[in-house]
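No value in this document is a laboratory result; all are computed from the given coordinates. Not measured: the values here are computed from a predicted model. All Cβ positions, glycine included, derive from the backbone under ideal geometry; neighbour counts span all protein chains shown.
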Amino acid sequence: MNQERHAELFQLLDITGEDAMECTTLLDRNPSGHVLDALELLQQRLGTFPAESSSPHHFGETVWIEALLRFAPSVHAYHLELGISADVSAATLADVGLQLRINRRVHGHFGLETWSWLTLHMAGNLFRLGRLQFHLIRSERGDGPEGNVAYASDWVLGVHIPEDGGLSPALVDASFDEARSFFPHYFPDKPATVATCESWMLDPYLVERLPNSNIASFARRFTLDRCTDAPTDAVYFTFRQRGLENLDKLPRETSLQRIVLERIDDGGTWQLGHGHLTL
């Protein structure tokens, strides 16, 4: 195995350690027919502004890891052709390495459970700008399903929160400020006047219990449109554990950890808050 051959790619995707060794094994072999099919799907989506991830069920996880690795240079080149800086492109694509590390933490081995999420990055309409990620997509026009909000503009920015940092108001302000200038500059024909967020962090229960926290400050930026049950999200994103088993073995060292678990102990259900704000 020769990791040096792929050093530039691994630096772009922030792939390190054992994950780099495993990725080298994938890249040093000839791509299978399924990998080539996945690459074709990614190519078809590049520059099309999809709202949903690509998830054909007949491709396995390893196929998608290899396809994402092989396709990333095409996305980087697409960013640069648009005039987007290499730094923003690298910050965006570094989520590949982060998700590999999260997978190893959750499951104890190499893999990419969240490969479907990363197909959004590969479509070229999701960018990390400072602390937050922004996903430029078409808005839902007209009357949506009950409880949904239809926005006046044709385009919206979906906001996502990578796990690798805090949510101080200053960092969040800077990220939104960058987004307000970034998207009109690089996508002037797709004006977005609204940002949306779907997250367990927007659950009103969390804001009520941690009113002075950075999470609450972040949540208050958004007008809450609706909530839907998401029983496992808070546990997964707080502890990186799938499911609700063996909760008694999880740490209760921080206020957030205690609140997440105590709500479940009391028979409550965590929810996904769906909110929006005007840019």
The condition from (1) surrounded by fewer than 20 Cβ atoms within 10 Å (Cβ to Cβ); (2) more than 30 Å from Gln241 (Cβ to Cβ) that Thr114 misses is numbered (2)
In segment 82-90, is there at least one residue being touching a residue at least 12 places away in the same chain (Cβ under 8 Å), touching a helix residue (DSSP H, G or I) at 6+ places or on another chain (Cβ under 8 Å), of a type in the set (Val, Ile, Thr) and within 30 Å of Gly243 (Cβ to Cβ)? no
Q. What about Thr16, is it surrounded by fewer than 18 Cβ atoms within 10 Å (Cβ to Cβ) and either touching a residue at least 40 places away in the same chain (Cβ under 8 Å) or over 20 Å from Phe183 (Cβ atoms) (or both)?
A. yes
Self-check item: Residue within segment 59-82 that is surrounded by fewer than 17 Cβ atoms within 10 Å (Cβ to Cβ) and more than 26 Å from Phe182 (Cβ to Cβ) present
Solution: yes
Checked segment 214-231 for anything surrounded by 17 or more Cβ atoms within 10 Å (Cβ to Cβ) and either under 23 Å from Phe182 (Cβ atoms) or out of contact with any helix residue (DSSP H, G or I) (no Cβ under 8 Å at 6 or more places or on another chain) (or both); matches are Phe218, Arg221, Phe222
Expected output for segment 233-257 (first residue part of a helix (DSSP H, G or I), partner among the charged types (D, E, K, R), Cβ below 8 Å, 6+ apart or cross-chain) is Ala234/Asp203; Ala234/Arg263; Tyr236/Arg242; Phe237/Glu163; Leu247/Asp265
